[in-house]
Amino acid sequence: MASETPVDSAEAETAPEKLTFADLGLDAAVLKALKDVGYETPSAIQAATIPVLLQGRDVVGLAQTGTGKTAAFALPVLSQMETGHKNPQALVLAPTRELALQVCEAFEKYAAHIKGVSVLPVYGGQGYGQQLSALRRGVDIVVGTPGRIMDHLDKGTLDLSELKYLVLDEADEMLKMGFAEDVETILADTPSTKQVALFSATMPAQIRRISAQYLNDPEEITVKTKTATSTNIAQRYLIVSYQQKIDALTRILEVENFEGMIVFTRTKNETETVAEKLRARGYTAAAINGDVAQVQRERTVNQLKSGKLDILVATDVAARGLDVDRISHVVNYDLPIDTESYVHRIGRTGRAGRTGDAISFVTPRERRMLTAIEKATRQPLTEMSLPSVDDVNATRLTRFDDAITAALEDTAAIATFRDVVAHYVAHHDVPEADVAAALAVVAQGDTPLLLEAEAFRQQRFDNDRPARDSRDGASRDGGPRRDTSGRFATYRIAVGRRQRVEPRQIVGALANEGGLRRGDFGAIQIRQDFSLVELPADLSSDTIGRLADTRISGQLIDLRLDQGGRSAKRSDRPQRRDRDRD
Ligand code: AMP
């Protein structure tokens, strides 16, 4: 590598309010979109990569998912590109269709104020028809998996002769999945004048060789992790889907014994939304973010200190350096974009020699960020389950008991009301216990003291954002869409969420062991203790035998034909309910 820029994101933390997206030299329309999205400051990888890409240099970025790397390449591409050409100007290669779709979504979000930009996802398993007609009409940005991109190049249906920007996203994953040859062919057969950005979580020799061979004097950018967390903070995480976060937070507020709390969100807009929802549920909560004037911010923090306010919903920038002893809990409503921010955030609790609690919400697709946090802080986080109806009710009953005990201490008031109750008992011939119960009914008012199990049914945790379902092949009930063509059969493998497997690991392992091709995979559903994978119905017994002996994360997968996906689903569900009842 010609030059190297190690970025110390802890350093970036010291002057965060000075560095804005505008400072990086991005186009005004892109800045406007970022304002809408509500990002406050560039992440470490963005701050380091964007100016270099805007200068036109090639980049090799060592960055994991969750660090903001998508914006790190998407924003400069959008800032520089000319729209309206027939042939694509930019191509992003991604290892999986899920990532390709995510990247497309990100491009569309950041391009909201650029007129006429078209972004096309191109991946295997999707019909050619739609892709062909879009390509014929002309697209600006293509985001795809290497195999399908190669298919189009071979067929002559994709013309990359005008390519200006090529991004390799998760390059190490692409190589692991057997795309090395395709990636090299694409690098070699596209204009030598193109700018290349290669992102990878690791830097194996093969990637070093590829970047030395095909990139032009690239700047290597790594984000150093310098982190230490104190041991007086208990760190837990909860796997939760995006839509369930507010409900999960409310349940946590019910059962956790908290004094003061900071809830961290990723965007300014989200601080306001969450604070508002908490207020609507009866909590004293306020939002602070970079847009809130300093005076107002100070006033809010003072309210938190004095106990007038219990919950502060904040972005990283707004809460930096906050030192309030009574913060007993930090909740990462959204995971931070780098591990240093995680350390800064949770350091807001456990002040002044006290103990603290940190709870992080992790959506299924953020598990890798969780691993990165555990690695960086060298501390495992403990998984917690969503507080159940019984948990919530037990806490409410304890509080109710405490309120009775406290009221009994006011002897004067008790003496007065004892006469009132005695009068009622004497005139209505009702036992005192029933009168006390009736008074409890009066006291609960319109809000029932106890929750009913029905109203609090456990929702499914399997999917992150069902709103995207129509795009990434999932059905309306939230599960991946099942194949109905008869080409696929559903197989069951003995690894699931508990083993932290991801679809890409399953595809990688089965493709390697069984000599399967990308098109041989249908829907993959990851459940708690097993996964369901659609594979060709006509697999030979030889292949099945080889696949059965495959290991994923060290565990034998014991692949077998699923005896009806439905029964498998059912057996998974009671486990969840059981957990609720624990
Ligand atoms: P990525 O690593 O690109 O997958 O991004 C991870 C998440 O961080 C995505 O949900 C982005 O929307 C979000 N994100 C990216 N950049 C920023 C930023 N500067 N501030 C806040 N959130 C961001």
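Where a number appears in this text, it was derived from the coordinates with a stated rule and is not lab data. Please read these numbers as outputs of a predicted model, since none were measured by experiment. Every residue, glycine among them, receives a Cβ derived from its backbone with ideal geometry; neighbour counts consider all protein chains shown.
Do me a favour and compute the ellipsoid semi-axes for segment 42-102 from its Cα gyration tensor, root of five times each eigenvalue, largest one first, whole Å. Could the numbers behind the result be given before it?
Details: eigenvalues 76, 58, 18 Å².
Semi-axis lengths for segment 42-102 are 20, 17, 9 Å.
Send over the semi-axes of segment 283-338's equivalent ellipsoid, whole angstrom and largest first, taken as the square roots of 5 times the C-alpha gyration tensor eigenvalues.
Here the semi-axes work out to 17, 14, 10 Å.
Assuming a ≥ b ≥ c are the square roots of the Cα gyration tensor eigenvalues, decide whether segment 233-387 counts as rounded (a/c under 1.5), prolate (otherwise, with a/b larger than b/c) or oblate.
rounded
Give me the Å³ per residue figure for the convex hull around the C-alpha atoms of segment 90-242.
That works out to 175 Å³ per residue.
Is it possible to state the helix-based mean residue ellipticity at 222 nm for the chain, with each DSSP H run of 4+ residues giving -39500 (n - 2.57), the sum divided by total residues, to the nearest 500 deg cm²/dmol? What is it?
Dividing the helical sum by the residues of the chain leaves -13000 deg cm²/dmol.
How far apart, in nm, are the 7 Å Cα→Cβ label points at residue 426 and residue 112?
Distance between label points: 7.0 nm.
When averaged across all projection directions, what area in nm² does the alpha-carbon convex hull of segment 473-561 cover?
Orientation-averaged projected area of the Cα hull: 5.4 nm².
Which entries in 32/194; 32/245; 35/115; 109/194; 109/176 show an alpha-carbon gap greater than 20 Å?
Among 32/194; 32/245; 35/115; 109/194; 109/176, the Cα-Cα distance tops 20 Å for 32/194; 32/245; 109/194; 109/176.
Which value, in debye to the nearest 20, gives the size of the charge dipole of segment 233-387 about its Cα centre, when Lys and Arg are +1 and Asp and Glu are -1 at the Cβ?
Approximately 80 debye in magnitude.
Once the Cα atoms of the chain are picked out, what are the Rg and Dmax in Å?
Spelled out, the Cα radius of gyration and Dmax of the chain are 27.5, 98 Å.
Dipole of segment 3-224 (Lys/Arg Cβ +1, Asp/Glu Cβ -1, origin at the Cα centre): which of 38, 130, 74 lies farthest to the positive side?
Toward the positive end, the furthest listed residue is 130.
Determine which aspartates and glutamates satisfy two conditions relative to residue 375: a Cα distance under 15 Å, and not lying fewer than 8 residues away in the same chain.
Within reach: 338, 340, 366.
Given charges of +1 on the Cβ of Lys and Arg and -1 on the Cβ of Asp and Glu, with all other atoms neutral, how large is the dipole of the chain about its Cα centre, in debye to the nearest 20?
Details: 74 positive and 83 negative charges, 171 e Å.
Dipole size: approximately 820 debye.
Classify segment 390-444 as rounded, prolate or oblate from the Cα gyration tensor: take a ≥ b ≥ c as the square roots of its eigenvalues, call it rounded if a/c is under 1.5, otherwise prolate when a/b beats b/c and oblate if not.
Oblate, because a/c is 1.5 or more while a/b does not exceed b/c.
Roughly how tilted is helix 367-377, in degrees to the nearest 10 and between 0 and 90, from the longest Cα axis of the chain?
Roughly 80 degrees between the two axes.
Could you tell me how many degrees, from 0 to 90 and to the nearest 10, lie between the Cα long axis of helix 565-581 and the main elongation axis, the longest principal axis, of the Cα atoms of the chain?
That works out to roughly 40 degrees.
Rounded to the nearest 20 debye, what is the charge dipole size of segment 3-224 about its Cα centre when +1 sits on each Lys and Arg Cβ and -1 on each Asp and Glu Cβ?
The calculation lands at about 580 debye.
Along the charge dipole of the chain, which of 413, 516, 293 sits closest to the positive end, that is, farthest toward it, with unit charges on the beta carbon of Lys, Arg, Asp and Glu (+1, +1, -1, -1)?
The Cα lying farthest towards the positive end belongs to 516.
Need one number: the % of Cα-Cα pairs in segment 316-455 sitting beyond the 28 Å mark.
48
Where a Cα-Cα gap under 15 Å defines reach, which aspartates and glutamates qualify for residue 86, not counting those fewer than 8 residues away within the same chain?
140, 159, 162
Between residue 563 and residue 512, how high is the FRET efficiency from 1/(1 + (r/R0)^6) when r is the Cβ-Cβ distance and R₀ = 25 Å? Nearest 0.05. List each step's numbers first, then the result.
Details: r = 26 Å, r/R0 = 1.06.
For residue 563 and residue 512, the calculated efficiency is 0.40.
Ranked highest first by average number of other Cβ atoms within 10 Å, how do 32-38, 360-366, 379-385 line up?
Order by mean packing, descending: 360-366, 32-38, 379-385.
Rounded, prolate or oblate: pick one for segment 313-368, where a ≥ b ≥ c are the square roots of the eigenvalues of its C-alpha gyration tensor, a/c under 1.5 means rounded, and failing that, prolate if a/b is larger than b/c, else oblate.
prolate
Which of the peptides 546-556, 238-248 is most tightly packed, and how do the rest follow, going by the mean number of other Cβ atoms within 10 Å of each residue?
Packing order, densest peptide first, comes out as 238-248, 546-556.
Taking Cα atoms, how many degrees apart are the long axis of helix 411-428 and the longest axis of the chain, rounded to 10 and kept between 0 and 90?
Rounded to the nearest ten degrees, it is 80.
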